[in-house]
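Read the structure below first, then the notes.
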Ligand SMILES: Nc1ncnc2c1ncn2[C@@H]1O[C@H](COP(=O)(O)OP(=O)(O)OP(=O)(O)O)[C@@H](O)[C@H]1O
């Protein structure tokens with residue numbers, strides 16, 4: 001086993017490494033010959049444990065590809081990736097599947113809940129499938145953190161979009177994963193419900209010590225993070241610590257040469273379409 005990086009501790013993580021996930025020279029190419037697309041071009045990245053990291057960048061810059069590779073959902077063309085101390089780029093399928101199940105939580109844009117199960121059953125489903133014992137005290141804390149205490153018996157159709165996404169957040173948190181990846185987790189929510197879910201993600205980092213990586217187009221969503229990584233053409237070209245929505249928006253405009261229509265289109269609230 002190799003520990004990829006030695007960086008100053010982010011704090012609060014006891015004896016554990018300060019890095020929850022890392023990539024070195026991560027390269028991902030699709031196709032070959034004239035149709036070859038380099039989605040990730042030798043990316044080096046460290047994701048701090050117990051922190052909230054947002055990944056931003058123009059459409060096609062490689063955000064989803066980076067997230068999928070870091071989460072072991074996609075293979076790399078070159079380079080190495082670690083989740084905690086485990087290098088995943090050398091893992092065989094079965095071990096990778098187990099690692100994803102045990103160490104990684106996912107929150108997608110579409111909430112991916114099972115309609116026939118109630119909220120509580122949806123939350124514990126991954127652990128039930130894995131045959132893992134549910135830690136009731138932890139579950140209570142998670143449910144309280146995401147504000148679902150009165151809704152556990154409800155089925156997804158009896159919940160609002162924001163509440164459904166809170167169930168998905170609780171499901172991701174319940175198994176105490178090493179890291180949670182979110183692919184535009186508030187992309188399908190109106191701004192109020194989105195703010196609520198982002199507030200709960202923030203609380204799970206602050207109160208529960210969770211590590212979160214989130215791909216987003218939305219400067220307001222990014223402002224909930226501790227750090228924003230900016231991708232362009234498959235490379236990390238910039239980062240921002242303690243981002244504010246205005247600073248993120250300004251940064252996006254600067255990238256697009258001051259023209260808010262390129263590379264993405266903004267609506268009146270600074271969101272991108
Ligand atoms: N399965 C694939 N086959 C071929 N090319 C792909 C594939 N998936 C992604 N790409 C290409 O890789 C590049 C990066 O795509 P990716 O989806 O990671 O970008 P993104 O920043 O997440 O974009 P968006 O914001 O539009 O979701 C793009 O040029 C895309 O066309």
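Remarks
- Cβ crowding within 10 Å ranks 244, 157, 86 as 157, 244, 86, fewest other Cβ atoms first.
- Estimated FRET transfer efficiency (residue 141, residue 191; beta-carbon r; R0 22 Å; 0.05): 0.20
- Inter-part distance, the stretch 116-156 to the stretch 30-62, computed on C-alpha centroids, equals 33 Å.
- Taking all Cα pairs closer than 8 Å and separated by 6 or more residues, the relative contact order of the chain comes to 23 percent.
- Helical runs (DSSP H, four residues minimum) scored at -39500 (n - 2.57) apiece and divided by the length of the chain put the mean residue ellipticity at 222 nm at -10000 deg cm²/dmol.
- Equivalent ellipsoid semi-axes - Cα gyration tensor, the chain, angstrom: 28, 24, 18
- Taking the chain as a Gaussian network of alpha-carbon nodes connected by springs under 10 Å, the highest mean-square fluctuation of the residues 142, 237, 167 belongs to 237.
None of the figures in this text is laboratory data; all of them are computed from the coordinates on show. Treat the numbers as computed from the prediction; the structure is a model and nothing was measured. Every residue, glycine among them, receives a Cβ derived from its backbone with ideal geometry; neighbour counts consider all protein chains shown.
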